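*Asks:* Sharing a structure, written as structure tokens. Questions coming.
What follows draws every value from the coordinates through simple rules; no lab data is involved. Keep in mind that what you see is a predicted model, and the values were worked out from it rather than measured. Glycine also receives a Cβ, built like all others from the backbone with ideal geometry; neighbour counts cover every protein chain displayed.
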Amino acid sequence: MHLVDYLIIAVYLGVLLTLGFIGRLKKDSSAGQLILGGRMLTLPAFVASLVSTWYGGILGVGEYSYRFGLSNWLVFGVPYYLAAFLFALFLAERARRSEVLTIPDRLAQAYDRKTAVAGSVIVYLMTVPAAYVLMVGILCEYLFGWPFWTGVIGGTVFSVVYVYFGGFNSVVRTDLFQFGLMFVGFTVLLVYLVSTFGGIDFLKASAPASHFTWHGGNSGWYVAIWYFIALATLIEPAFYQRCYAARDARVARRGILLSILCWAFFDFLTTTCGVYARAVLPELANPVGSYPALAGLVLPAGLLGLFALALLATVMSTIDSYSFLAASTFSRDIVMRLYRINERKTTFYTRLGLVVTVVLAVVMVLFFKSVVDIWHVFGSIGTPALLVPVFFSFVGRRRLPPAWALTSIVAAGGLSLVWYCSQYFTADGRYWYGVEPIFPGLLVSAGMFLLFSRAAGNITVANREL
């Protein structure tokens with residue numbers, strides 16, 4: 001990278017901090033203002049914030065596209081579009097009309113306080129942004145030549161310092177900025193690649209033939225399993241937070257539908273660039289760095305810095321959002337609900353939660369060296385624990401009684417955790433019976449719902465203790 005590239009990145013960081021620090025929260029700000037920005041999220045802000053937040057795994061996408069080509073769409077694209085569509089169809093408007101602040105609030109509203117606390121622990125662990133903290137360290141290592149831990153700490157601090165002072169509104173303002181950078185950077189790279197090397201004929205001649213098949217050389221079962229993993233979208237805290245914060249129910253539903261179109265276009269850009277990386281750099285030692293390596297080869301000074309911003313913006317917009325989600329879960333849904341602390345302390349405990357979350361995310365990086373491993377572990381445990389209780393708290397006329405809802409969360413999540421750990425006790429290092437841990441937990445949760453659910457009347461915030 002050249003001096004001009006570094007200057008561009010310095011300007012980006014300055015603008016990011018400026019946007020983040022605009023409108024600092026007062027100490028006596030309400031929980032609704034801190035966590036949801038006063039429920040005034042417009043359609044453009046909804047789309048930009050959700051799209052940028054939910055696409056933080058950019059280096060993982062580059063690695064998969066480099067190795068398996070167009071099947072990236074069928075593994076990391078289509079399953080999540082379908083799940084997001086189901087969310088828009090069944091949950092978005094209902095979530096907005098529920099007038100709660102968080103997923104655990106809804107669990108308390110639909111079941112009871114104990115269920116909400118148990119769900120809060122799962123939500124918290126699923127939103128600690130360890131995968132993205134790991135990714136920003138790798139990214140800084142590739143782009144700037146920094147030591148890995150310098151990138152982890154520096155990238156994380158720049159991603160969350162403004163959230164400490166501005167809450168959800170700071171997240172949204174910076175997401176709007178980062179949303180544009182994501183698309184501009186990858187569009188510029190793709191245009192340069194096509195003009196330099198040619199189009200589809202070049203790719204077919206230079207990339208493996210399997211890159212243009214639906215499976216990319218993987219088994220059909222491997223592709224199919226991601227359609228189950230994508231069900232985690234139905235309990236995705238970032239989706240619920242944006243829906244709760246939307247100006248009205250129509251904004252929530254339309255925002256998710258428009259976001260799907262944005263993700264599909266961005267997947268077109270990223271997947272195509274990944275295939276170009278394989279065609280142009282077939283002997284790349286570590287595919288995780290395929291995007292930075294490719295950009296460094298073809299982009300001139302200035303545009304290389306712009307593409308670096310696209311990568312940084314994609315990851316940092318996810319770190320700030322998930323850090324804040326985890327912090328608000330830690331404060332309002334765990335500490336304050338568990339110890340019945342007055343809501344006026346929300347700002348203090350959320351800021352404390354932000355510090356705890358960042359430290360925990362960095363510690364997790366010591367134990368997990370793979371982004372995919374982090375996604376796999378927490379998705380395989382959290383999804384079966386929460387999917388059925390959360391989904392049916394909004395949809396349908398049947399609901400688990402509170403005691404069974406709590407049992408379902410603990411039993412399904414606990415079984416999936418034990419099943420995951422089984423790989424360490426088998427001779428071949430595989431899960432029991434070769435079954436992924438997400439499936440036993442889902443089976444238990446679904447079974448409990450079928451056996452013990454009953455018809456539920458209308459439940460309002462007024463007659464449930466949150």
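*Asks:* SER422: net charge of surrounding residues, Cβ under 13 Å, Lys/Arg +1, Asp/Glu -1, itself excluded?
*Replies:* Every neighbour counted, the sum reads -1.
*Asks:* Could you work out the relative contact order of segment 3-463? I mean the mean sequence separation of Cα pairs under 8 Å and 6+ apart, divided by the number of residues, in percent. Mind showing how you got there, number by number?
*Replies:* Details: 751 pairs, mean separation 139.7, N = 461.
That works out to 30 percent.
*Asks:* Same structure, new question: If the label point is 7 Å along Cα→Cβ of ARG97, which residues in segment 375-400 have backbone nitrogen under 14 Å from it?
*Replies:* Hits in segment 375-400 for ARG97 at 14 Å: 394-397.
*Asks:* Among 402-409, 209-216, 7-14, 239-246, how do they line up from the highest to the lowest mean number of other beta-carbon atoms within 10 Å?
*Replies:* Ranked from most to least packed, the peptides come out as 239-246, 402-409, 209-216, 7-14.
*Asks:* Would you mind checking segment 116-144 for residues with the amide N under 16 Å from a putative spin-label position 7 Å along Cα→C-beta of ARG340?
*Replies:* Output list for this probe position: 117.
*Asks:* For the chain, which DSSP H helices look membrane-span-like by this rule: Cα extent along the axis of 20 Å or more and mean Kyte-Doolittle of at least 0.5?
*Replies:* Helices passing the filter in the chain: 3-21, 113-127, 130-144, 148-197, 249-280, 303-328, 346-367, 371-394, 402-421, 438-452.
*Asks:* Within straight cross-link reach of LYS26, meaning Cα distance under 29 Å, which lysines are found once same-chain residues fewer than 8 apart are removed?
*Replies:* Cross-link targets: LYS345.
*Asks:* What is the spin-label model distance, in nm, from SER195 to PHE165 if the labels are put 7 Å beyond Cα along the C-beta direction?
*Replies:* 4.0
*Asks:* Under a cut-off of 19 Å between alpha-carbon atoms, report the aspartates and glutamates in cross-link reach of LYS114, not counting same-chain residues fewer than 8 places apart.
*Replies:* Once the sequence-local aspartates and glutamates are set aside, what remains near LYS114 is ASP105, ASP333, GLU343, GLU465.
*Asks:* Next up: Test of understanding: what is the full-extension gain from LEU43 to LYS369, defined as 0.36 nm times their sequence separation minus their Cα-Cα distance? List each step's numbers first, then the result.
*Replies:* Values: separation 326, 0.36 × 326 = 117.36 nm, distance 3.71 nm.
Full extension of this stretch gives 113.6 nm more.
*Asks:* Mind putting a number on the dipole of the chain about its Cα centre? Charges go on the C-beta only, +1 for Lys and Arg and -1 for Asp and Glu, and I need it in Debye to the nearest 20.
*Replies:* Charge dipole, the chain, about its Cα centre: 1700 debye, nearest 20.
*Asks:* What is the gain in length, in nm to one decimal, between LEU257 and THR18 on full extension, counting 0.36 nm per residue of separation less the C-alpha to C-alpha distance?
*Replies:* My answer for the length gained is 83.0 nm.
*Asks:* Here's something else I'd like to know. Counting Lys and Arg as +1 and Asp and Glu as -1, what is the net charge of the other residues whose Cβ lies under 11 Å from the Cβ of HIS211?
*Replies:* Surrounding charge for HIS211 is +3.
*Asks:* Below 11 angstrom from the Cβ of GLY37, what's the summed charge of the other residues (Lys, Arg +1; Asp, Glu -1)?
*Replies:* After counting each charged neighbour, the total is +4.
*Asks:* Hey, another quick one. Could you give the distance between the Cα centres of segment 1-73 and segment 124-167, to the whole Å?
*Replies:* That distance is 12 Å.
*Asks:* Estimate the FRET efficiency between ALA446 and LEU3 by the formula 1/(1 + (r/R0)^6), using the beta-carbon distance for r and 41 Å for R0, to the nearest 0.05.
*Replies:* 0.10
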